[in-house]
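Structure first, commentary second.
The values are calculated or read from the model by the stated rules, or taken from the named source; none is laboratory data. The structure presented is a predicted model; accordingly, all values stated were derived computationally and were not measured. Positions of Cβ are backbone-derived with ideal geometry, glycine not excepted, and every protein chain shown enters the neighbour counts. Note: accessible area is taken over every heavy atom of the protein model, side chains too, but ligands, DNA and RNA are not part of it. Shrake-Rupley method; radii C 1.70, N 1.55, O 1.52, S 1.80 Å.
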Amino acid sequence: MERLTGLGWNAALRSCFPILTWLPRYNLTWLKMDVIAGLTVGLTVVPQALAYAEVAGLPVQYGLYSAFMGCFVYCIFGTSKDITLGPTAIMSLLCSAYVDGDPVFAVVLTLLCGVIQTGMALLRLGFLLDFISYPVIKGFTCAAAVTIGFGQVKNILGLKEIPQQFFLQVYYTFHKIPEARVGDVILGLCCLFFLITMTLMKNSLSSAEEEAPLLINSLSSAEEEAPLLIRSARKLVWSFATIRNALVVIAATAVAYSSEVTGHHFFSLTGKTAKGLPPFKAPPLSETVANGTVITFSDIAKDLGGGLAVIPLMGVLESIAIAKAFGSKNNYRIDANQELFAIGLTNIMGSFVSAYPVTGSFGRTAVNSQTGVSTPAGGIVTGVIVLLSLAFLMPLFFFIPKASLAAVIICAVSPMMDFRVPVQLWRVKRLDLLPFLVTFLMSFWEVQYGIVGGVVVSAFMLLHIMARPKVKVSDHGVAVLELDSGLNFPVTEHLSRLVYTHALHASPPRCLVLDCSHVSSIDFTVVHELTELLKQFQLTGLSLIFTGLKPSVLKVLLTADLPAFRHTDSVDEALQLLTGIIHYDQPL
């Protein structure tokens with residue numbers, strides 16, 4: 001008994017602290033792979049974090065403040081070896097809609113998101129994510145990609161004083177094109193060209209790598225040396241392509257620095273950034289603005305409004321979807337509630353280092369997986385690189401051209417613009433285009449309205465399916481209605497109308513067989529309506545017989561003590577009974 005108790009405690013500890021499942025087996029081979037993956041992701045996350053802070057409307061250092069805490073927390077509490085937590089394009093866009101460029105609002109939002117997500121995990125409310133359908137997710141991500149991508153055109157062109165609202169942004173960007181700075185345009189286009197080229201090379205090398213084993217197997221031993229050299233060259237190019245963001249930012253910064261020290265101001269620069277690591281302190285729960293007015297915690301929470309629902313849910317949805325995708329790809333399972341807890345705790349702890357809300361990053365997770373990470377410990381290396389950047393490189397970030405960060409963002413979000421989805425929806429189920437289009441179009445007005453609009457449309461579609469289930473009607477001298485779903489209160493009026501149309505008000509009126517073989521649930525509203533229908537059948541001298549009742553449904557109907565309630569096992573038996581071929585004894 002004590003042994004069983006000990007095993008139970010051990011399992012509970014491993015469930016709460018997933019690090020205990022792999023740490024005892026950790027070895028030098030895993031360490032090597034984790035260090036390589038951590039370095040690669042670290043060189044990817046630093047330029048992306050700086051760029052995403054720009055999307056969130058915050059000073060660039062806040063991107064780095066948000067990029068390291070998840071690396072350490074997730075290593076202990078996460079269940080996916082591949083996923084990396086940090087700032088992402090979508091979360092940055094969502095935050096920009098609520099924090100309005102105020103770091104205090106961003107930090108408070110992070111704290112409250114973490115509390116909400118952790119509470120959801122403890123209450124095991126992850127099922128709420130099931131109510132956000134795939135068309136809504138894709139509609140939002142496509143719109144977010146367009147919004148984020150076009151929002152960076154102003155930095156490619158070197159334009160200033162462009163509004164944040166999308167439609168005004170489009171208007172004023174085109175209106176101010178004559179004011180574009182030549183230096184920013186040339187640098188931005190060169191950065192875009194380099195990033196696109198490296199991305200295409202990486203994609204082609206990845207596909208070629210899949211064919212390489214077949215090629216090598218077909219070669220003789222004398223011919224194997226050349227393919228090995230080719231593979232080494234490919235691996236080197238692939239490595240450079242993987243850290244392409246870091247390379248382009250470093251090169252652009254060197255060009256901008258050279259220009260500045262020679263007295264030429266060709267480029268729009270990131271500008272002054274805070275030096276050093278962020279202080280570890282309790283998140284600010286109030287703010288005093290320039291005119292001396294104190295904004296209290298309740299005022300901040302009120303201003304954040306719908307963001308306290310949209311951002312935690314979208315953060316969890318994005319991260320868990322990524323974790324499941326890579327878990328399936330690499331043959332392991334994740335615990336959704338534990339993932340929810342890890343994200344929530346990351347945001348809570350992140351608020352102590354001035355982070356804004358984070359979630360899983362698809363791009364960096366893909367890099368982590370492709371470089372062969374073995375455990376979540378790879379995140380520790382990534383976190384250390386971010387901390388070293390904050391400690392020693394912040395003065396250099398002054399010279400990063402905004403055009404180079406804009407190029408990084410545009411290339412990062414372009415894969416999200418997957419316009420094959422509407423075609424797939426049209427082929428599979430055309431009605432699913434409705435929530436997709438509502439979400440997509442409304443997201444250009446306000447991203448949160450797009451998500452809410454899509455969810456509401458999806459909910460109405462779901463309710464319509466519940467209220468109007470498919471019913472197969474057949475006539476055997478006796479009306480037969482075959483239901484294909486549960487009998488719940490939204491279907492009451494529809495069912496009653498069908499019964500009256502095909503039996504009680506038919507010409508002539510006829511008996512009815514209600515085939516319930518596909519019905520697995522029933523509620524009180526339906527039971528009450530069935531009671532009234534049975535009374536009507538009694539008054540007209542007709543019969544209503546239920547068939548194929550499942551035990552759970554039969555138990556409810558027997559408990560309800562329906563008048564003249566009769567049932568059979570099959571439709572054929574009911575038809576024989578009603579046509580007088582067999583005798584039916586007492587109601588069961």
**OP:** Give, as residue ranges, the helices (runs of 4 or more DSSP H) completely inside segment 401-488 that count at least 2 residues that are over 30 Å from L189 (Cβ atoms) and open to solvent by 10 Å² or more (accessible area, probe 1.4 Å).
**Re:** 421-428, 433-442, 447-467
Original post:
Out of curiosity, is I380 in contact with a Lys or Arg (Cβ under 9 Å, 6 or more places away or on another chain), in contact (Cβ under 8 Å) with a residue 12 or more places away in the chain, of a type in the set (A, V, I, L, M) and open to solvent by 20 Å² or more (accessible area, probe 1.4 Å)?
Top reply: no
Subject >> Exclusive hit being more than 19 Å from D102 (Cα to Cα) and in contact with a strand residue (DSSP E or B) (Cβ under 6 Å, 6 or more places away or on another chain), set G315, G327, G344 >> reply: G315
Subject >> Tally, over segment 455-502, of residues that are within 18 Å of V526 (Cα to Cα) and in contact with a Pro (Cβ under 7 Å, 6 or more places away or on another chain) >> reply: 7
Subject >> Residue that is nearest to the chain's Cα centre (by Cα), among those in segment 286-295 that are within 14 Å of D102 (Cβ to Cβ), part of a loop (DSSP other than H, G, I, E, B) and not small (G, A, S) >> reply: V289
Original post:
If I243 passes every condition in (1) of a type in the set (V, I, T); (2) at pLDDT below 80; (3) farther than 26 Å from A49 by Cβ but one, which one does it miss?
Top reply: (3)
Original post:
Does at least one position in segment 317-329 carry a residue that is out of contact with any Pro (no Cβ under 8 Å at 6 or more places or on another chain), assigned to a loop (DSSP other than H, G, I, E, B) and basic (K, R)?
Top reply: no
**OP:** Starting from segment 50-66, take each residue that is on the phi > 0 side of the Ramachandran plot and list its partners that are open to solvent by 10 Å² or more (accessible area, probe 1.4 Å), counting only C-beta distances under 6 angstrom and pairs at least six apart or across chains.
**Re:** G57/S96; G57/G101
Subject >> Failed item in (1) closer than 30 Å to L157 by Cα; (2) open to solvent by less than 70 Å² (accessible area, probe 1.4 Å), with P278 passing the rest >> reply: (1)
**OP:** Considering only residues that are open to solvent by less than 50 Å² (accessible area, probe 1.4 Å) and under 17 Å from K472 (Cβ atoms), look in segment 496-506 and name the one that is nearest to the chain's Cα centre (by Cα).
**Re:** L498
